[in-house]
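The values are calculated or read from the model by the stated rules, or taken from the named source; none is laboratory data. Worth saying up front: this structure is predicted, and the values here are computed from it rather than measured. Glycine also receives a Cβ, built like all others from the backbone with ideal geometry; neighbour counts cover every protein chain displayed.
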Amino acid sequence: MFAAGDVCEFDSALHGRPVRIEHEEVAAAQGRLAARNLLDGGDEPFRDVPYFWSDLADWLSLEYVGLGGAWDHEALEAYEDKRRFALRYTRGGRLVGVCSVGGAADLDRARAELAAGAVAERAAA
């Protein structure tokens, strides 16, 4: 039996625990993997880094990669225009998520770091 999207909790190979993620990008990626596993008789685990976005009218765009939840440190990267900033969230020295407001962060790079289990450098307090 295969399930994908909002209806399922799955054992995340990336996060090492069961998770349930209710976002379009994740549901589509899970559906593609379920189809591949069904057609090939495989059992490849879902490893994609979660991504979601939200646009508030035409004045603010927010994007996030990673798994939400607990973190023990955040580092702010702000820009002079004050309409763009990024937050990098870490737990135990490992990157767990990146939030980008106004297109401030390179989310492709952040996704690759998260997939690789990047060790984060702590920002000076």
Filter result (at pLDDT below 90 and either in a loop (DSSP other than H, G, I, E, B) or β-branched (Val, Ile, Thr) (or both)) within the range 51-70: Ala57, Asp58, Trp59, Leu67, Gly68, Gly69, Ala70
Filter pass, Glu74 being surrounded by fewer than 16 Cβ atoms within 10 Å (Cβ to Cβ) and under 17 Å from Ala13 (Cα atoms): no
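Taking only the range 77-109 into account, find how many residues are closer than 16 Å to Val65 by Cβ and either of a type in the set (Phe, Trp, Tyr) or crowded, with 17+ Cβ neighbours inside 10 Å (or both). Break it down stepwise before answering.
The initial filter retains those residues of the range 77-109 that are closer than 16 Å to Val65 by Cβ, namely 77, 85-91, 94-109.
Next, only the ones that are either of a type in the set (Phe, Trp, Tyr) or crowded, with 17+ Cβ neighbours inside 10 Å (or both) stay: 85-90, 95-102, 104-105, 107.
Going through the range 77-109 one residue at a time, the tally reaches 17.
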Lone qualifier among Asp72, Asp40 - being without any contact (Cβ under 8 Å) to a residue 40 or more places away in the chain and under 23 Å from Ile21 (Cβ atoms): Asp72
Looking only at the range 6-25, and only at residues there that are surrounded by 12 or more Cβ atoms within 10 Å (Cβ to Cβ) and among the hydrophobic types (A, V, I, L, M, F, W, C), the one that is nearest to Gly117 (Cα to Cα): Leu14
